[in-house]
Amino acid sequence: MTEEKKVVGLLTEIKTLLSQNKRVMNVDDLVAYTGLSKSKIYKLTSLRLIPMGENAHVRQKFFDKEAIDAWLLGKPDLSDEFLEQKFNEQLLKRKRI
């Protein structure tokens, strides 16, 4: 590995660590912070199973780091089976209305 590649690798690592110190995170920050896929995060947001900002005037999703930490420490069920079940429950509720 060349010296240049080592420096670029270290800078990338530093950038990742610095982004994890932000109090308010977007989806990309949350992917890096939690290791969850973007797809799973979008499923969780659509089902409202993850704590997120509630500003109706902002289309992009934002997440408070402290709320995410508390949520993660609560050991949420992130299995695909659980998310599929919740999604189906929402569909049934919408059909009844």
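Of note:
- When the stretch 62-76 is filtered for residues that are closer than 11 Å to residue 25 by Cα and of a type in the set (D, E, K, R), the ones remaining, listed by number, are 64, 65, 66.
- Counting the residues of the stretch 64-76 that are out of contact with any Pro (no Cβ under 7 Å at 6 or more places or on another chain) and closer than 17 Å to residue 42 by Cβ gives 1.
- Screening the stretch 42-97 for residues that are in contact (Cβ under 8 Å) with a residue 24 or more places away in the chain, outside any loop (DSSP other than H, G, I, E, B) and among the hydrophobic types (A, V, I, L, M, F, W, C) and picking the one that is surrounded by the most Cβ atoms within 10 Å (Cβ to Cβ) gives 63.
- The numbered conditions (1) surrounded by 10 or more Cβ atoms within 10 Å (Cβ to Cβ); (2) without any contact (Cβ under 8 Å) to a residue 40 or more places away in the chain are all true for residue 18 except (1).
- In the condition set (1) touching a residue at least 12 places away in the same chain (Cβ under 8 Å); (2) among the small types (Gly, Ala, Ser); (3) in a helix (DSSP H, G or I), residue 39 is compliant with all but (1).
- Residues of the stretch 1-27 satisfying the condition of being in a helix (DSSP H, G or I), under 16 Å from the mean Cα position of the chain (by Cα) and of a type in the set (Val, Ile, Thr): 16, 27
- With respect to the conditions (1) open to solvent by less than 50 Å² (accessible area, probe 1.4 Å); (2) of a type outside the set (Ser, Thr, Tyr); (3) over 21 Å from residue 15 (Cβ atoms); (4) part of a helix (DSSP H, G or I), residue 30 lacks only one, and its number is (3).
The values are calculated or read from the model by the stated rules, or taken from the named source; none is laboratory data. Keep in mind it's a predicted model, so treat the numbers as computed, not measured. Quick reminder, even Gly has a Cβ in these numbers, built from the backbone with ideal geometry, and neighbours come from all protein chains shown. These area figures cover heavy atoms from the full protein model, side chains too; ligands, DNA and RNA do not enter into them. Shrake-Rupley method; radii C 1.70, N 1.55, O 1.52, S 1.80 Å.
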